[in-house]
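This report refers to the structure that appears directly beneath it.
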Amino acid sequence: MSRRTIIAGNWKMNMRADTAAALAKGVSEAVGENPSVEVAVCPPSVYLHLVSDVLAGSAVGLGAQNLYPAGDGAYTGEVNAAMLSDCGCRYVILGHSERRALMGETDKQVSEKLAAALAGNLVPIVCVGETLEDREAGKTEDVVGTQLRGSLEGLDESRATGVVIAYEPVWAIGTGKTATPEQAEDVHAFIRNLLGELFTPEVASQMRIQYGGSVKPGNAEELLGQPNIDGALVGGASLKVDDFVGIIKAG
């Protein structure tokens, strides 16, 4: 089953308006009109409209870093799927390890956000991953499996292929440490097998699983060459045009 590689840049809480616009312009120009891979950038929410305008007519999609799973209402400080769509978003990152660790986000909350994202016709990028302590204790599959089951709870099989999974070992995010291609592939294969149990092997074969965790131009080709790695969710390297484009070209 052929799966189109998807490379997404998570800008996190970085940038100012001028640098966000310049980065989006640089990426869209470098990617061109018909890239061989699917490309998205996910700026801070306050710059979504700005970046959307810069990307207009380009092959680079716009994504958000989070959403709130309710319609309009008294939810101060939050944004929902309809608002993201109004900003031109096609994608949304859900359950990133930083939100799980810093904001206490639970698998149940991620599953609620997933349902809202799909109802709003957004492509969810659902993140899972273990800490260094988990890995050293031999709990990688237990932790990742629990996160995946909980985050996808209630997901209808008919919508599953529209969901992207991102495996991001917490110990490799922003640390300069990267899972070896073999380590990453082992967990990706585990995730795909579990998706086959949760849905069907056919559905699992169509779902895309990204790797994230200190992905750079120098290691991207080997990582992306693994059978079950279908793209990358890129943090720090997505903040520089040359680095991000180098990863895109590796796909």
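Just so it is clear, none of the values below were taken in a lab; they were calculated from the coordinates. Note that the structure is predicted; figures quoted are calculated from it, not measured. Virtual Cβ from ideal backbone geometry, glycine too; neighbours counted across all protein chains shown.
By the Cα gyration tensor, the stretch 13-129 has an equivalent ellipsoid whose semi-axes, rounded to whole angstrom, run 25, 15, 14 from largest to smallest. The fraction of all Cα pairs in the stretch 140-194 landing in successive 10 Å bins from 0 to the largest distance is 19, 51, 25, 5, given as whole percents.
Ordering H96, H188 from the fewest to the most neighbouring beta carbons within 10 Å gives H188, H96. The count of lysine pairs in the chain that are at least 8 places apart or cross chains, and whose C-alpha atoms lie under 29 Å apart, stands at 21.
Geometric descriptor of the chain, per residue, is 116 Å³ (volume of the convex hull of the Cα atoms).
Fully extending the segment from E29 to Q206 would add 60.7 nm, taking 0.36 nm per residue of separation and subtracting the current Cα-Cα distance.
3J(HN,Hα) along the stretch 130-145, derived from phi through the Karplus expression 6.51 cos²θ - 1.76 cosθ + 1.60 where θ = phi - 60°, amounts to 9, 7, 4, 4, 4, 5, 5, 8, x, 9, 3, 5, 4, 5, 5, x Hz, with x in place of Gly and Pro. Could you work out the local net charge near P69, counting Lys and Arg as +1, Asp and Glu as -1, over the other residues with Cβ closer than 14 Å to its Cβ? Taking every Cβ under 14 Å from that of P69, the sum is -3. Separation of the stretch 53-86 and the stretch 155-171, taken as the distance between their Cα centroids, equals 19 angstrom.
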